[in-house]
2 protein chains.
Amino acid sequence: MNALNISVSAKLYNKNPEETDLGKRILSKSIELMEEMGYEHVTFKKIGLALESTEASVYRYFQNKHQLLAYLINWYWGWLEVKMAQEFMMLNNAEDKLKRAIELLVNPMGEDNRIPHIDEGLLQRIVVAEYPKIYLTKEVDTENEEGYFLGYKRLCDTLGNLALQLNPEYKYPHSLFSSVISAAQSQQFFTEHLPRLSDASAGRGAIVEFLTELTLNSIQKK
Amino acid sequence: MNALNISVSAKLYNKNPEETDLGKRILSKSIELMEEMGYEHVTFKKIGLALESTEASVYRYFQNKHQLLAYLINWYWGWLEVKMAQEFMMLNNAEDKLKRAIELLVNPMGEDNRIPHIDEGLLQRIVVAEYPKIYLTKEVDTENEEGYFLGYKRLCDTLGNLALQLNPEYKYPHSLFSSVISAAQSQQFFTEHLPRLSDASAGRGAIVEFLTELTLNSIQKK
DNA sequence: CACCTGTGATAGTATTACTATTATATTTGC
DNA sequence: GCAAATATAATAGTAATACTATCACAGGTG
């Protein structure tokens, strides 16, 4: 059995899009459109139109665009964690796992064909370009209670625990990894659009090296 | 003479708000409203109303809300750089300057009464809550050419150069400081709203310590 | 066959993000 | 001290957005 199910909090949809054909097509087309024209320019009307369906049908699955974005980004973090867990099985020490985790944060991964309606490569680009928008709102506290940010939090915990294996005294595991995950995304964005804010003209390899050094130097006992 | 003028690229406004009384009142009231209700919920109509002026008058100064936000945030980075430069004069080595810079990134500063129409404390809270929104758009490349991000870039350069004084071999000064500045903001946000993403329940002191360690450990020669 | 679910089609509303026009008050230039 | 230019207020109007609501139909299920 090749199926793979990424679980996303039920508060992140009106009606579970994974359960119907239209739902899956909505996910698929939303990812395409959002990557192509950016969150701000997407509307449910455009999504409906592109699907040869209607605005109202999209609203049946998601309350609004913000919820849709939150769904997609949570799905991505969930998927990434699964992917990391798989790769960690082949490694036997925390340092190697951390290094591999950082690579996975930065590098667009090989195709994952187990979930045909989601193009993880496009989704990764959406995460890079849009992820802070899900929490930088006045509604953050209520949405937090509804589990809008669980994916991000879990990933931070996982990586933070690896850091604690390396150095149980390290005082800032959550801060470190929320910062490193965030930097992994924004360095990709800066490399492409605002190169003066990065030193990664060499590409993703340099981002990985920068983040790996930064992470290990922070954690290691002096 | 106590006056102080923070220069902001002329592409960031239609008509310079610093040059008229209404312009200054627009800045002042926009900061109040944006801090209070958040970027998304602000409209030029509301700003006009709050000023007992009109929507159209606000449009004479700024093309749209996005440009207004970019103006405010650039103003803030410019102001912070001036502030840092002042404090650096009292310090004589790069490490102390870096430490002080990180403190200033995190700590709401004492009142600065030289610019009466701008409340820097409120503005700092806007920067924490909204700053990535100015570049995370599909228009980033054209806006970049127009100087929308100069404030941020200059600050990164300044801090990067300090790092190079400490260690001329350090390979990632821009990446490091765009990440540190960004982390300084997001850690403040997380501490208040998503505490599981930080370890700073102790408050700003912990954020400063976390960032200072991270920065110095990254830069220092091994 | 009756019913329920999911979808499509259509309509309608309030708000937003502007643009345009005109009237008036204030400042400045001569 | 008057004319001209400038700044603002007042108002109107448009297109798009972000929804909400209603109804009809098609397919499958009990």
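Read the figures in this text as sums done on the coordinates, not as results from a lab. Just so you know, these numbers come straight off a predicted model, no measurement behind them. Glycine gets a Cβ as well: all are built from the backbone with ideal geometry, and neighbour counts include every protein chain shown.
Under a Cβ-Cβ cut-off of 13 Å, what is the net charge of the residues other than B:LYS97 that fall near it, where Lys and Arg count +1 and Asp and Glu count -1? Please list the in-between numbers first.
Values: positive: B:LYS83, B:LYS99, B:ARG100; negative: B:GLU81, B:GLU87, B:GLU95, B:ASP96, B:GLU103.
Residues near B:LYS97 contribute -2 overall.
Based on alpha-carbon positions alone, could you give the equivalent ellipsoid semi-axes of segment A:1-109 from the gyration tensor, as √(5λ), descending, whole Å? Walk me through the numbers before you get to the answer.
Details: eigenvalues 199, 45, 26 Å².
For segment A:1-109, the ellipsoid semi-axes come out as 32, 15, 11 Å.
At most 13 other Cβ atoms within 10 Å and a DSSP loop assignment: could you name the GluC sites (Glu not before Pro) in segment B:88-134 that fit?
Details: sites: B:GLU95, B:GLU103, B:GLU111, B:GLU120, B:GLU130; in loops: B:GLU111.
Passing sites in segment B:88-134 are B:GLU111.
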message: Using a label point 7 Å beyond Cα on the Cα-Cβ vector, give me the inter-copy distances for B:HIS41 in nanometres, one decimal, shortest first.
response: 3.0
message: What is the distance in Å between the Cα centroid of segment B:6-82 and that of segment A:165-222?
response: 34 Å
statement: Going fewest to most other Cβ atoms within 10 Å around each Cβ, B:VAL8, A:VAL208 line up as A:VAL208, B:VAL8
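Taking the square root of 5 times each eigenvalue of the Cα gyration tensor, what semi-axes in Å does the equivalent ellipsoid of chain B have, largest first?
Square roots of five times the eigenvalues give 31, 19, 17 Å.
Just from its helices, what would the mean residue ellipticity at 222 nm be for chain B, if runs of 4 or more DSSP H residues each count -39500 (n - 2.57) and the sum is divided by every residue, rounded to the nearest 500 deg cm²/dmol?
Details: 10 runs with 139 residues, N = 222.
Roughly -20000 deg cm²/dmol at 222 nm, from the helical runs in chain B.
Can you check what the net charge comes to around A:GLU146, using other residues whose Cβ is under 14 Å from the Cβ of A:GLU146 (Lys, Arg +1; Asp, Glu -1)?
Numbers: positive: A:LYS11, A:LYS153; negative: A:GLU139, A:ASP141, A:GLU143, A:GLU145.
Local charge sum for A:GLU146: -2.
For a test of the definition: using alpha carbon positions, the gyration tensor, and the 1.5 limit on a/c, classify the protein assembly as shown as rounded, prolate or oblate. Can you show the working numbers first?
On the way: a/c = 1.94, a/b = 1.13, b/c = 1.72.
It comes out oblate by the Cα gyration axes.
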- request: Please list the equivalent ellipsoid semi-axes of segment B:85-193, computed as the square roots of five times the alpha-carbon gyration tensor eigenvalues, in descending order and whole angstrom.
  value: 23, 21, 15
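Let me know the shape class of segment B:28-72, please: from the alpha-carbon gyration tensor, a ≥ b ≥ c as square roots of the eigenvalues, rounded when a/c is under 1.5, otherwise prolate if a/b is greater than b/c, or oblate.
Details: a/c = 1.71, a/b = 1.12, b/c = 1.52.
Oblate shape, in that a/c is at least 1.5 and b/c is the bigger or equal ratio.
Please tell me which of these pairs span more than 26 angstrom C-alpha to C-alpha: A:LYS97/B:LYS99; A:LYS24/A:LYS45; A:LYS99/A:LYS171? Let's see the in-between values first.
Values: A:LYS97/B:LYS99 32 Å; A:LYS24/A:LYS45 17 Å; A:LYS99/A:LYS171 20 Å.
From A:LYS97/B:LYS99; A:LYS24/A:LYS45; A:LYS99/A:LYS171, over 26 Å: A:LYS97/B:LYS99.
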- prompt: Relative to the other copies, what are the label-point distances for A:ASN161, with labels 7 Å from Cα along the C-beta vector, expressed in nm at one decimal and sorted shortest first?
  reply: 4.6
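Between beta-carbons, use under 13 Å as the cut-off and find the net charge around A:LYS83, counting Lys and Arg +1, Asp and Glu -1.
Working: positive: A:LYS97, A:ARG100, A:ARG114; negative: A:GLU81, A:GLU87, A:GLU103, A:GLU111, A:ASP112, A:GLU120.
Taking every Cβ under 13 Å from that of A:LYS83, the sum is -3.
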query: Which peptide among A:175-183, B:33-41, B:85-93 comes first, and what is the full order, when sorted by highest mean count of other Cβ atoms within 10 Å?
result: A:175-183, B:33-41, B:85-93
message: Could you derive backbone 3J(HN,Hα) for segment A:48-56 from the dihedral phi with the Karplus parameters 6.51, -1.76 and 1.60 (θ = phi - 60°), listing whole Hz in sequence and x where the residue is Gly or Pro?
response: x, 4, 4, 8, 6, 10, 10, 3, 4
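Taking beta carbons within 10 Å but only from partner chains, what does the mean come to for residues B:39-49? Before the final figure, lay out the partial values.
Values: counts 3, 6, 3, 0, 0, 0, 0, 0, 0, 0, 0.
Average per residue, whole number: 1.
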task: Quick one: angle between helix A:173-193 and the longest Cα principal axis of chain A, in degrees between 0 and 90, rounded to 10, please.
output: 70 degrees
message: What does the copy distance list look like for A:GLY121, label position 7 Å along Cα→Cβ, in nm and ordered from shortest?
response: 5.2
message: Counting other C-beta atoms within 10 Å, and keeping those with at most 14, which DSSP coil trypsin sites (Lys or Arg not before Pro) do you find in segment A:1-51?
response: A:LYS15
task: Can you tell me the 0 to 90 degree angle between the C-alpha axis of helix B:204-219 and the longest principal axis of chain B, rounded to 10?
output: 60 degrees
task: Using a Förster distance of 25 angstrom, determine the FRET efficiency expected from the C-beta separation of B:ASN64 and A:ALA56, and round it to 0.05.
output: 0.25
- prompt: How well do other chains shield peptide B:190-202, expressed as the mean number of their Cβ atoms within 10 Å of each residue Cβ?
  reply: 6
message: What is the angle, in °, between the Cα long axis of helix B:65-88 and the longest principal axis of the Cα atoms in chain B? Nearest 10 is fine, range 0 to 90.
response: 40 degrees
- prompt: In cubic angstrom, how much convex hull volume per residue do the alpha carbon atoms of segment A:104-161 span?
  reply: 121 Å³
